[in-house]
Structures are given as structure tokens and as C-alpha cells.
Amino acid sequence: METGPVNVNEFQELARQALPKMYYDYYRGGAEDEHTLKENVEAFQRITIRPRILVDVSRTDLSTTVLGYKISAPILIAPTAMHKLAHPEGEVATAKAAAACNTIMILSYMSTCTVEEVASSCNGVRFFQIYVYKKRDVTANLVQRAERCGYKAIVLTVDTPRLGRREKDIKNKMIAPQLKNFEGLISTAVSSDGGSNIEEFAKSTFDASLSWKDIGWLRSITNLPVLIKGVLTHEDAIKAVEVGVDGIVVSNHGARQLDYAPSTISVLEEVVGAVKGKVPVLFDGGIRRGTDVFKALALGAQAVLIGRPAVYGLAAKGEYGVKRVIKMLKDELELTMALSGCPTLYHISRSHVRTENERPHSML
């Protein structure tokens, strides 16, 4: 009997086989030399776990809350664009999988199913991710539609005044489909002479003047909590708390924006230290194993977001594939907790990991 994939990396290979090269490259790729793309994953491999023994782990509990919403495990679905390129059911399938796993999905502004289609597809807690466009009323329209449809928070991506240079998309002349959220608001049809039309679309629409003062504008058009995604330094973490955000996502955009930005796991602790517990800190970038989730939690993240793994699951096996990926990571996290002496998430502490700059004390 043929066995299915046993870990997330095997789902990536199934996705590669299932997708046209242009779409697989779009999801997998990073900016320029893809140095940060590699580092996001490899930096986890340089963190070791310090397991504690002889702790009663006969019962384990992975549940937690994010912004007061109870979820089954600290693993959320990150906002990623254009799921219909991965599977015909698109974001609706991803939303159903997240709901079935009792976790939160953050729907991308650049989704191929509308805000309304995803909202009506199933019951579940959902957040909505946005960019700010030069035409502010386009962003305002979508924020208000999301709020009307019962989305519970707005996640503003702040690392994209311009789009990073994704050379595979340029080579492949990547064509984005029409984005249904914007029908009647703006044209998403742009010509791309010799490059990726996603890059051209971003250039013509993204507001490069967006700054700290605009957080106030966003708060003025919605009653929902506002999180900002794309913080990598303690300076920006402090500033974010000062301007009154409701949460921070430590993220380098899946290494798709600035190459040679640090891996997210290497700066997580710096951001957590700056925030001092005033708002929740979430994390994304490079999560491929339950051990990665454990390490991020030990370094102070309240929960992690998975982007590519969810898309790979979707591409390989639709809604079922996304559920399998979430379940794999949950099962691996649960095993890691048991083997490390942590019956609940609250037992996971900074003393459970050793980062690469903490050398074991010399025995001399």
C-alpha cells in the first residue's frame, strides 16, 4: 500500500509535481540571491532544544488563544496570495481546512476568492491582511467589507513599499490572474513588457509613501484590532507599540522582499524583548517542523504562521492536504513538547532552547 507524505517537506515535492513550473516557482521563490530564503529555514537548524526529563507528560495540551480567540494549537495560516493557482477551490479550500483544524486563517488581500466567498464558505475565526494602495478608498472598501463579513482583525503588511525582486517570476514572465476582490474598484490588468506582471501591478498600485502616521488612518476606518506584519528590529517593535497596534508579526515576507534581511527566528527574541509583553508577538518564516514551532514559542512567539507549507498542501491534495499539513505540524509539536518535558504551551520556556550565540560553558 502506498503511503502518503510523512512530513511537510514531502508535501513540497508533491506540490512541485502537481503545479506548472511558473506557479511552483512563484510560491517557492524568494528575492534576488535567495540568501534569506535559505536562512529562514537553516537558522532553525542551528538552534538546539534542551529537553527536561521525568516530567509527567501523560496529558498534553496544545491549545492557546490569539487576541482572545481560542485555537487548537499555536499554528495559524499566514496570508499568501492567489490560492487558485495552487488548486481550483482556492482560498475557500484553505479556509475550510483551517476551520476544521480549529485555527485561524489570515486571508490575503491578493486572494483569488473574494472576502465574501471565503466568509460564507464555513464558520471559523478569520483575519484579513491588507496592503495600502495609492487609492486609499480601495483599501478602505476592502477593510470595511471584511469587517461586515465577520473577520476579526486586520493584518497590515508593512514591508512592501515596493515589491521585492523575484527573479524566477521575471524569467517566467509570471502572469497573475484577475483578483476578484478588486472588480469594479481598480483594473488588475497590467502589461508586463519583459517581466512579471505582478511586479508591474505592485508598482502601479502600492503606496510607497505609507508611514507610521498612517496607522492612525487605518484605525480610524475600522473597529477591528490592527496587527502589523513585517517587523524585524527592536526599534520598529517599540515604535509599533507606541502608535498603538494590537499585535506584531515578526516576518520578512517569506524572504520575498529584501534579500539579506535577517532570518526571522534570529530576530524574534530582539522583538519580543522590545515589546515587553504589551501586545502579542506572532511569527512567520521557515516553519517546516513541529520542532521549529517549539523553538519559536520558546523564544517568545505566542503563535506561528505557516505560508508555503499550507500552499504546498493545497496544491498537492486540496483542502485535505492543508488539513494534513496542519495536523503533521501539530503532531510533531505535541511530540516535541512531550520529549522536552512540556505538558502545555505555558511550560515552554526560554531555558528549553539554546541559540547559536550561546555557547555551552567550557568544562575547563
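Below, the figures for the structure above:
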| item | result |
| --- | --- |
| Percent of beta bridges antiparallel (DSSP, the chain, rounded to nearest 5) | 20 |
| Column: log10 I(q)/I(0), Debye, Cα scatterers of region 195-256, q = 0.15, 0.17 Å⁻¹ | -0.59, -0.73 |
| Highest average packing first - 323-334, 340-351, 158-169, Cβ atoms within 10 Å | 323-334, 158-169, 340-351 |
| Under Karplus coefficients 6.51, -1.76 and 1.60, residue-wise ³J(HN,Hα) of region 211-226 in Hz, glycine/proline x | 9, 3, 5, 6, 4, x, 4, 4, 5, 6, 9, 8, 8, 7, x, 10 |
| q = 0.13, 0.20, 0.21 Å⁻¹, region 208-289: log10 I(q)/I(0) [Debye, one scatterer per Cα] | -0.41, -0.91, -0.99 |
| Surface accessible to a 1.4 Å probe, LYS278 within the full protein complex, Å² | 140 |
| Compactness of region 1-124 as Cα Rg over 2.2 N^0.38 Å, two decimals | 1.30 |
| Volume of the Cα convex hull of region 66-144, divided per residue and given in Å³ | 97 |
| Overall Cα dimensions of region 290-347, principal axis frame, Å, largest first | 35, 19, 13 |
| Fraction of accessible area attributable to carbon and sulfur, the chain (%, probe 1.4 Å) | 52 |
| Heavy-atom accessible area per residue - the chain, 1.4 Å, Å² | 44 |
| Interchain or long-range residues, amide H under 5 Å from ARG126's placed H | LYS152 |
| Set of aspartates and glutamates with alpha-carbon distance to LYS213 below 13 Å, sequence-local pairs under 8 removed | GLU242 |
| Ellipticity estimate at 222 nm from DSSP helix runs (n ≥ 4, -39,500 (n - 2.57)) divided over the chain, nearest 500 | -12000 deg cm²/dmol |
| P(r) histogram, all alpha-carbon pairs of region 61-208 included - 10 Å bins from 0, percent | 11, 39, 34, 14, 2, 0 |
| Violating pairs (Cα-Cα greater than 29 angstrom) within the set LYS21/LYS152; LYS84/LYS276; LYS278/LYS317; LYS239/LYS295; LYS70/LYS295 | LYS21/LYS152; LYS84/LYS276; LYS278/LYS317 |
| Projected-area average for region 10-52 over all orientations - Cα convex hull basis, square nanometres | 4.3 |
| Hull-based mean projected area of region 30-80, where the convex hull spans the alpha carbons, in square nanometres | 6.3 |
| Percent of beta bridges antiparallel (DSSP, region 45-170, rounded to nearest 5) | 30 |
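The values are calculated or read from the model by the stated rules, or taken from the named source; none is laboratory data. Computed from a predicted structure; not experimentally measured. Note that each Cβ is placed from the backbone with ideal geometry, even for glycine, and that neighbours are counted across all protein chains shown. The accessibility values were calculated without ligands, DNA or RNA, using every heavy atom of the protein model including side chains. Shrake-Rupley method; radii C 1.70, N 1.55, O 1.52, S 1.80 Å.
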